[in-house]
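A short reminder: the numbers here are calculations on the coordinates, not readings from a lab. Everything numeric in this text was worked out from a predicted model, so none of it was measured. Ideal geometry is used to build each Cβ from the backbone, glycine not excepted, and the neighbour counts take in all protein chains shown.
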Amino acid sequence: MTEHRTVRYAQFMRLPALGLLVLTVAGAAACTDLVLSEPAPDVAKPKHVRAMSVAFDYPGNWRLEQDERSLGETIVNEMTLDGAGSAIVLIHVFRPALDIRAMEMMKIVRDSIIESIDGVVGTLVNATGGQEVDAFRTFLGGARKGRLAHMTFAMLGVKVPHTLEVYTFETDNLTVAVAMQSADEDRKKAEPAFALIEKSFRLLVPVTAP
């Protein structure tokens, strides 16, 4: 991917990154007993969403927000799901399809988080990137390779490790990117929510083979 296209796609991620920022700051605050820890996701009574060419279940006590934006000829629909703690799932549907893979999307998301933190809260919170490796989940009925990255957020001297996963899927007409993030201390609680979304996730149009 050219540098120009990377910068262009990164513009789509700036607003979602602010949502990530708010929740990671909340995760840091949780370490100082300022807020409650991650609530247990209600996977026994899931809600279902069918919109913007995707369908999936998500925990009954999670919040879903939807938005649509455009940049030039590209339309992006986004869904933000969160459980009122550090866990969050971001889903983006790009039309027309983009020539972008999980590794490239991971770089965009990570860079956007750091940029948003620097632009919104200055030196109060800072983020540092760590190891990045391949990750696998069972999306769309089969194993899908994505990327997993470790990041550390520091707030008022408290360091909070986070894990971020990114997966991408393509069809002839659209590209879907799924990002899952939580503080490592909340990971065990958040995983049933991530698994529910993963296992039930469907594209309502034919998908390109991995």
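For the reader, a short list of remarks on this structure follows.
- Reachable aspartates and glutamates, given that their alpha-carbon falls under 14 Å from the alpha-carbon of K199 and they are not under 8 places away in the same chain: D57, E191
- Amide H contacts for R137 (H built 1.01 Å from N in the peptide plane; partners 5 or more residues away or on another chain; cut-off under 5 Å): R144, G146.
- Taking other C-beta atoms within 10 Å as the exposure proxy, H162, H150, H48 rank H48, H150, H162 from fewest upward.
- Within a straight-line Cα-Cα reach of under 18 Å, K107 can be paired with the following lysines, leaving aside sequence neighbours fewer than 8 residues apart in one chain: K145.
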